[in-house]
Amino acid sequence: MARVTQVRYPEQGYALIWFRGDRQLAGNPGQFVMVRGDWGNDPILGRAFSLVESGEEEAILVRVVGVGTRRLAELKPDDPLWVLGPSGHGFALPASDQNPVLVAGGVGIAPLYFLAKKIRETGGRATVLYGARNNRETPLAEEIEEFADLVVTTEDGSAGRRGLVTEPLAEILDDTSVARIVYSCGPEAMLEAVARACVDRQVECQIALESPMACGKGTCKGCAVLAADGRYRYVCSDGPVFESREIYKS
Amino acid sequence: MAVRLGPLELKNPIMVASGTFGYGVEYADVMDISAIGAISVKGISLEPRAGNPPPRICETPAGMINAIGLANIGYDAFVQTTLPRLRELGATVVVNLYGTSADEFAELAERFDSQEGIAALEVNISCPNVKAGGIHFGVRPEPAAAVTRAVRERTGLPVIVKLSPEAVNIAEVAKAAREAGADALSLINTIRGMSIDVETRRPRLGSVMGGMSGPAIRPLAVRLVYEVHKAVDVPLIGIGGISCLRDVLEFMMAGATAVQIGTANYTNPRTSLEILSDFEKYCLERGVTPAELVGTVKTN
């Protein structure tokens with residue numbers, strides 16, 4: 001059992017929760033934890049969250065969408081937190097000659113924040129394209145600017161460029177003077193558009209998927225996604241990070 | 001803490017339910033899987049099965065609905081890679097069988113009969129998530145008896161038959177399975193439920209319907225254990241929304257000799273061990289054996 005150490009609210013409806021257990025999780029960017037508060041039988045399942053940080057500090061970013069996430073967002077320092085993980089396969093770091101472009105949609109920023117930080121620590125610097133509906137849905141945008149080059153796009157133009165995040169992505173990928181690698185996490189439609197943009201230009205692309213999940217450990221077979229080969233993959237144990245070509249048909 | 005279910009003796013009455021604990025080996029890093037009474041492994045079919053289209057699970061009040069569709073690695077892979085590992089880990093293994101016909105069940109029973117390290121077979125005639133077989137065998141006495149008999153004739157292992165809460169008359173199905181050679185009965189499997197996303201007007205499961213589990217169905221399960229215990233002389237394994245010691249006691253008082261923990265394994269994979277520790281303490285403090293609790297509910 002872990003304990004909450006700190007909670008911050010980067011935007012209305014979001015909570016950044018730091019916690020500490022008996023041991024360091026030592027998770028990698030893209031890996032996730034199953035998390036649950038001490039609240040009895042309802043809701044009954046844990047919730048899967050990408051690690052935003054791991055090691056000295058462990059953190060997750062919660063967007064409030066229902067009862068479980070609301071209860072998590074209401075946690076206070078020292079509250080108990082049940083944590084299982086880290087689980088799944090994370091992102092493979094870029095090769096030394098690859099310029100990393102990270103494409104986030106909304107709360108999909110969580111694993112990419114961790115990845116951008118890791119890239120900085122290993123001597124690189126990522127370009128982060130952060131798409132959101134409006135300027136109230138860009139948690140961690142300020143923090144990520146400390147160690148990455150940030151481009152924000154919003155659908156209503158209230159922050160950064162007006163439009164979709166795939167537009168600056170296309171511009172960057174069309175400049176073929178440097179080798180790129182793309183990492184993405186966000187809504188399904190965005191991931192598919194990002195994957196397509198990469199396939200069209202023969203750029204490697206790794207995506208982190210999300211799915212309802214019960215066990216988070218590869219046993220319940222609840223988090224199936226249909227892959228490009230017509231067979232199922234399990235987000236928790238085969239992913240959550242996949243090569244985009246494995247999931248989307250080109 | 002030992003309990004006896006006909007020819008099957010377990011070191012304690014706390015088991016984990018099929019489909020909620022994988023093949024057991026996945027949890028060796030978070031707990032000693034040999035400490036619990038038995039692991040009923042994910043249902044095994046002759047051939048591997050891919051399972052149903054997603055989404056396969058959704059959460060409901062105090063429970064969940066699943067429509068996994070018995071995705072499993074199949075007999076060969078289980079016997080070649082998983083079973084040896086379970087033996088190494090010292091787990092007490094109950095193999096849950098799934099076939100689309102009585103013949104397939106019989107074939108599986110015969111193949112498992114010659115394998116080392118299996119404590120019992122659990123015959124799944126109650127899965128609501130498959131097109132063929134499954135629940136269709138479990139809602140009436142005749143097909144339930146036919147499948148049980150087919151398995152019984154091909155194995156010397158203890159046979160547990162897992163019952164559906166959707167049986168037209170569960171006591172009659174229980175009686176038929178008993179007479180056809182079942183050594184024990186486990187109940188209940190999930191009951192079919194449905195949930196709709198009212199924004200999109202679409203079912204929340206790819207298969208439209210699925211099996212409900214968790215504390216939400218516990219009173220139904222307790223009632224069915226109670227009814228079968230009154231009607232049929234056969235050892236029972238109670239299943240349905242058990243998440244703490246209190247729930248175990250409730251099922252035992254209703255007539256169960258042992259219990260299986262299901263959905264609560266997702267809440268915390270160590271639930272069975274934690275409940276076992278509480279149960280041992282309870283028996284010690286009260287000076288009772290598990291068997292002395294069975295069927296002790298006072299209804300008059």
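The values are calculated or read from the model by the stated rules, or taken from the named source; none is laboratory data. Quick caveat: nothing in here was measured; it's all calculated off a predicted structure. No Cβ is skipped: glycine too gets one built from the backbone with ideal geometry, and neighbour counts run over all protein chains shown. The accessibility values were calculated without ligands, DNA or RNA, using every heavy atom of the protein model including side chains. Shrake-Rupley method; radii C 1.70, N 1.55, O 1.52, S 1.80 Å.
What to note about this one:
- Normalised contact order of chain A, rounded percent, pairs of Cα under 8 Å and 6 or more residues apart: 17
- Overall dimensions of chain A as given by Cα atoms, namely Rg and Dmax in Å: 17.4, 56
- Using the Cβ-Cβ distance between B:R140 and A:M1 with R0 set to 51 Å, the FRET efficiency from 1/(1 + (r/R0)^6) comes to roughly 0.65.
- Most to least packed among A:133-142, A:3-12 [average Cβ atoms within 10 Å]: A:133-142, A:3-12
- Overall dimensions of the range B:61-153 by Cα: Rg and Dmax, Å: 14.3, 43
- For residues of A:220-229, the mean tally of beta carbons on other chains within 10 Å: 6
- Using equal-weight Cα scatterers in the Debye expression, the normalised intensity of the range B:3-293 in log10 at q = 0.07, 0.08, 0.09, 0.11 Å⁻¹ is -0.22, -0.29, -0.38, -0.57.
- Placing a label point 7 Å from the Cα of B:A171 along the Cα-to-Cβ direction, the residues of the range B:224-258 whose backbone N falls under 18 Å from that point are B:224-237, B:254-256.
- Note on the range A:106-247: Rg/Rh from Cα positions, Kirkwood definition for Rh, rounded to two decimals, is 0.98.
- Per-residue HN-Hα couplings for the range B:103-108 [Karplus 6.51, -1.76, 1.60; θ = phi - 60°; Hz; x = Gly/Pro]: 4, 5, 4, 5, 4, 4
- Calculated [θ] (222 nm, deg cm²/dmol) that DSSP helices of n ≥ 4 give over chain A, each run adding -39,500 (n - 2.57): -5500 deg cm²/dmol
- Protein-protein interface of the range B:29-52, residues with accessible area decrease of at least 40 Å², isolated chain reference, 1.4 Å probe: none
- Largest GNM mean-square fluctuation among B:T190, B:T155, B:T289, using chain B with Cα springs under 10 Å: B:T289.
- Evaluating kT/(6 pi eta Rh) at 4 °C and 1.567 mPa s, with the Kirkwood radius of the protein assembly as shown over Cα pairs in the Stokes-Einstein relation, gives 52 µm² s⁻¹.
- Choice from A:A189, A:A197, A:A170 with maximal GNM fluctuation in chain A (Cα, 10 Å cutoff): A:A189
- Sequentially through the range B:146-161, phi angles give Karplus couplings (6.51, -1.76, 1.60; θ = phi - 60°) of 4, 5, 4, 4, 4, 6, 4, 5, 10, 9, x, 6, x, 10, 10, 10 Hz, Gly and Pro residues having no value and appearing as x.
- Accessible surface computed residue by residue for the protein assembly as shown, with neighbouring protein chains in place and a 1.4 Å probe, gives 41 Å² per residue.
- A:L61 accessible area, 1.4 Å probe, all protein chains in place, Å² to nearest 10: 10
- For the range B:3-293, the dipole from Cβ point charges (+1 on Lys and Arg, -1 on Asp and Glu) about the Cα centre works out to 600 debye, to the nearest 20.
- Contact surface A-B: accessible area buried, both sides summed, square angstrom, 1.4 angstrom probe: 2100
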